[in-house]
Amino acid sequence: MILKIITVCSYFGTGSSAVTDLISEFDNVKSFTNFEFRFAHDPDGLADLEYHLIDNFNRHNSGHALKRFKKFVDYYSAHFMAPRYEAFFHGNWKKKAYEYIDSLTDFSFPGSWQFDYYDKGPAWEFWHKLPNRVLHKLHVLNEESEFLLNSKEITLASHPTEQKFIECTKNFTDSLFTLANEENKPYLMVDQLLPSSNIEHHMRYFSDIMAVVVDRDPRDLFLLSKYIWKTKIVPTDIDLFCKWFVYARSTRELENWNPEKILFIHFEDLIYDYNNTLNKIMTFLNLSKENHATPRKFFIPEVSIKNTRLWEQNSSYKEEADYIAKKLPQYLYHINGV
């Protein structure tokens, strides 16, 4: 039986954790916590790897993309301050990822080029090349032999077909998440495994995956970001925020989402229309009410409602909320037409 993966996509701060919490209340779902697993769509992740190996193959760039992915894997592995992915995959994240890299590598040989130095930074390049330059000045080396003292870099060669790339990638993700699902439940809940744009392209990397996309009223997102979370991810200048909000969603109307694979909801629906939204999610995911073992244990609408319609709770927020309402009327969430 192929494991069915459920993931939630958002636009930052739009409520993905609420859906993750809600679905985690079902006893036939293995919840992978609220930790974000973005390795399919982060820079140097799976999508970038596919681009360089398939869409824009180049004798230098493609092998180097595998090195960048390896560096990405190492970053998300673990260190003494942050266990990251290794803790979730029982110490097998790097092992499985390295096997995946090997499956995509046609051959390798000792060699390097300028971007091997670029990735390591100017300080590394300076100290690495210093002995060569000194020996060259002393006429111990000539220009032709200088290369012999360069690094022990290994050049990778990779040019798989699209079919092979997808097969290898699915084998990689299947093995990872099977390890994570030690209880052998039919569903695995993973947060942010897909991006909120170009979703179906990224779905190709998984054998069986469904996505819930969550958005929320821009007024609350702005007020929460500026006054509560104080984040630097979202602009707190109100005009820039409005531009950013539209920018982050600019592909949504251009994508033709498969309704059997992708469900769009508003965060506020979970609060102001809880029962209908719960039924909609259960129908979409084919979850039964009998498996909703702990209703309102992790997602509690009566608590989350405090993070909605903030301008009604604090009059000092009203001017900014009204301004956003005029700028972004198509994105507002209305309760009973208001």
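Of the listed requirements (1) modelled with pLDDT under 95; (2) open to solvent by less than 80 Å² (accessible area, probe 1.4 Å); (3) of a type in the set (S, T, N, Q), residue 114 misses just one: (2).
Taking the range 1-59 as the region of interest, how many residues are among the basic types (Lys, Arg) and more than 25 Å from residue 104 (Cβ to Cβ)?
Just the residues of the range 1-59 that are among the basic types (Lys, Arg), to begin with: 4, 30, 38, 59.
If we keep only those that are more than 25 Å from residue 104 (Cβ to Cβ) too, we end up with 4, 30.
Of the residues in that region, 2 qualify.
Among the residues of the range 277-286, are any at pLDDT 95 or above, part of a helix (DSSP H, G or I), over 28 Å from the mean Cα position of the chain (by Cα) and not acidic (Asp, Glu)? No - not one qualifying residue is present in the range 277-286.
Of all residues in the range 294-322, those satisfying the criterion of being crowded, with 18+ Cβ neighbours inside 10 Å and aliphatic (A, V, I, L, M) are 310, 321. On the stretch given as the range 287-338, residues that are without any contact (Cβ under 8 Å) to a residue 24 or more places away in the chain, part of a helix (DSSP H, G or I) and farther than 22 Å from residue 210 by Cα total 13.
Yes or no, residue by residue, for (1) in contact with a Cys (Cβ under 8 Å, 6 or more places away or on another chain); (2) among the aliphatic types (A, V, I, L, M); (3) assigned to a helix (DSSP H, G or I):
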| residue | (1), (2), (3) |
| --- | --- |
| 170 | no, no, yes |
| 175 | no, no, yes |
| 189 | no, yes, no |
| 196 | yes, no, no |
| 206 | no, no, no |
| 211 | yes, yes, no |
| 233 | no, yes, no |
| 246 | no, yes, yes |
| 257 | no, no, no |
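Could we say that residue 64 is farther than 25 Å from residue 188 by Cα, open to solvent by 30 Å² or more (accessible area, probe 1.4 Å) and not acidic (Asp, Glu) here? The answer is no for residue 64. Given the condition touching a residue at least 40 places away in the same chain (Cβ under 8 Å) and in contact with a Ser or Thr (Cβ under 9 Å, 6 or more places away or on another chain), answer yes or no: does some residue in the range 254-262 qualify? Looking through the range 254-262, at least one residue is touching a residue at least 40 places away in the same chain (Cβ under 8 Å) and in contact with a Ser or Thr (Cβ under 9 Å, 6 or more places away or on another chain).
Give the number of residues within the range 323-336 that are open to solvent by less than 70 Å² (accessible area, probe 1.4 Å) and more than 30 Å from the chain's Cα centre (by Cα). If you could, list the steps in order and put the result at the bottom.
Let us first name the residues in the range 323-336 that are open to solvent by less than 70 Å² (accessible area, probe 1.4 Å), namely 324-325, 328, 331-333, 335.
Cutting the leftovers down to more than 30 Å from the chain's Cα centre (by Cα) gives us 335.
The qualifying residues number 1.
Does residue 250 satisfy being in contact with a strand residue (DSSP E or B) (Cβ under 9 Å, 6 or more places away or on another chain), among the hydroxyl-bearing types (Ser, Thr, Tyr) and either modelled with pLDDT under 95 or open to solvent by 10 Å² or more (accessible area, probe 1.4 Å) (or both)? So residue 250 fails the test. You will find that of 26, 72, 12, the residue that is aromatic (Phe, Trp, Tyr) and in contact with a Leu (Cβ under 7 Å, 6 or more places away or on another chain) is 26 and no other.
Evaluate the following for residue 174: is it of a type in the set (Asp, Glu), modelled with pLDDT of 95 or more and closer than 30 Å to residue 281 by Cβ?
yes
Please specify each residue of the range 205-246 satisfying the condition of being surrounded by fewer than 20 Cβ atoms within 10 Å (Cβ to Cβ), basic (Lys, Arg) and within 29 Å of residue 262 (Cα to Cα). Even if it seems obvious, please write down each step before you answer.
Of all residues in the range 205-246, those surrounded by fewer than 20 Cβ atoms within 10 Å (Cβ to Cβ) come to 207-208, 224-240, 242-244, 246.
After this cut, where a residue has to be basic (Lys, Arg) as well, the list is 226, 230, 232, 243.
The answer is 243, and nothing else.
Of all the criteria given as (1) open to solvent by 10 Å² or more (accessible area, probe 1.4 Å); (2) over 17 Å from residue 179 (Cα atoms); (3) out of contact with any Ser or Thr (no Cβ under 9 Å at 6 or more places or on another chain), the one not satisfied by residue 45 is (1).
Let's see how each residue does on (1) surrounded by 14 or more Cβ atoms within 10 Å (Cβ to Cβ); (2) under 24 Å from residue 164 (Cβ atoms):
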residue	(1), (2)
53	yes, yes
68	yes, yes
72	yes, yes
86	yes, no
92	yes, yes
97	yes, yes
100	yes, yes
103	yes, yes
107	no, yes
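The values are calculated or read from the model by the stated rules, or taken from the named source; none is laboratory data. Nothing here was measured: the structure is a model prediction, and the numbers come from that model. Ideal geometry is used to build each Cβ from the backbone, glycine not excepted, and the neighbour counts take in all protein chains shown. To get the accessible areas, we keep the full protein, side chains included, count just its heavy atoms, and leave off ligands, DNA and RNA. Shrake-Rupley method; radii C 1.70, N 1.55, O 1.52, S 1.80 Å.
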